[in-house]
Every structure is written in structure tokens, then in C-alpha cells.
Amino acid sequence: MSAAATDTPAADLDAVVAGGESLIGMATLGKTAAALALILVIILVATAVLRRWGLPHQRHGRHLRVVGSAAVGTKERVVIVEVEGSWLVLGVGGGQVNKLHDLPAPVDAGQDTSPGGPGFAPGDAFATRLAKAIRHNAGLGGRDPS
């Protein structure tokens with residue numbers, strides 16, 4: 001009987017050690033799967049953010065610039081494109097591009113003439129612009145008399 005009693009605790013100890021090793025293996029596998037899932041989530045979120053913000057496209061044709069466009073139908077658009085100092089009015093739709101009109105580009109078309117905000121003068125310092133913006137947003141008067 002004493003031999004059977006000594007074999008049982010040793011067998012129980014072996015079973016506990018084997019069970020502990022399998023638990024450690026499962027924990028390692030779980031951690032690896034969680035890390036992989038986290039990496040996939042980060043990739044998907046980064047893709048969605050970049051798609052929403054719009055990726056900067058490589059500009060192969062530096063002489064071509066889209067000035068504006070407007071939808072005319074479900075698949076048709078009118079697009080104004082600037083090409084080397086002239087504007088082309090194009091009809092785009094149904095797999096076709098048709099030139100509707102061409103005209104010289106205005107001189108100030110590429111320049112932004114707006115000073116940048118409420119009552120801003122082109123030579124204003126940052127502190128002056130900040131003060132004007134705070135006053136404008138607080139509703140305390142849009143323009144500074146100075």
C-alpha cells in the first residue's frame with residue numbers, strides 16, 4: 001500500500017506540471033494572437049484615416065491643375081482644367097472627355113487674394129491676428145480700428 005501511495009502523489013505532480021505547461025503554452029499563443037489582432041486593427045484604422053484625409057497624389061503632370069468641377073448628372077461632370085495659362089472647360093462622363101470651351105486663365109487665378117480671416121491685413125503679426133480672431137469668435141467686434 002505504501003508503494004501505491006507514493007506513486008499517486010508523483011503521478012499527480014506530473015499531471016499538474018504537464019497541465020501548467022499547457023496553460024503557459026496557451027497563454028503565449030493567446031498573447032501572440034492578441035498582438036497580431038492589434039497590429040491588424042492599427043493597419044485598418046490608419047488606412048481609413050489616410051483615405052478620409054486624402055493621400056497626397058504624386059503630381060506627374062505639373063502643368064495640369066483642376067480649377068473646379070460640378071456634377072451635371074449622376075455620372076457626368078463639367079471640369080475646368082488649367083493647362084499652361086489657359087482654361088479648358090471639359091465635359092466628363094460615360095467614359096468620354098469632351099472639350100466644351102477654352103479661354104485664357106485669369107491673372108489672379110492661382111493667387112489667394114483673401115487675407116485669411118475676419119479683418120486680417122496681409123502684414124498683420126501673429127499676435128494681432130490672434131487677438132482679432134479671439135474678438136471675432138467671442139462676438140466682441142470683428143475689426144480692429146487700428
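Listed by first and then second residue, the pairs linking a residue in segment 51-69 that is over 11 Å from GLU84 (Cα atoms) to a residue that is assigned to a loop (DSSP other than H, G, I, E, B) and modelled with pLDDT of 80 or more, with Cβ atoms under 6 Å apart and 6 or more places separating them unless they lie on different chains, form an empty list. In segment 112-133, the condition of being out of contact with any helix residue (DSSP H, G or I) (no Cβ under 7 Å at 6 or more places or on another chain) and modelled with pLDDT of 85 or more is met by no residue.
The values are calculated or read from the model by the stated rules, or taken from the named source; none is laboratory data. Note that this is a predicted model, so its numbers are computed, not measured. Cβ sites come from the backbone with ideal geometry, for glycine too, and all protein chains shown count toward neighbours.
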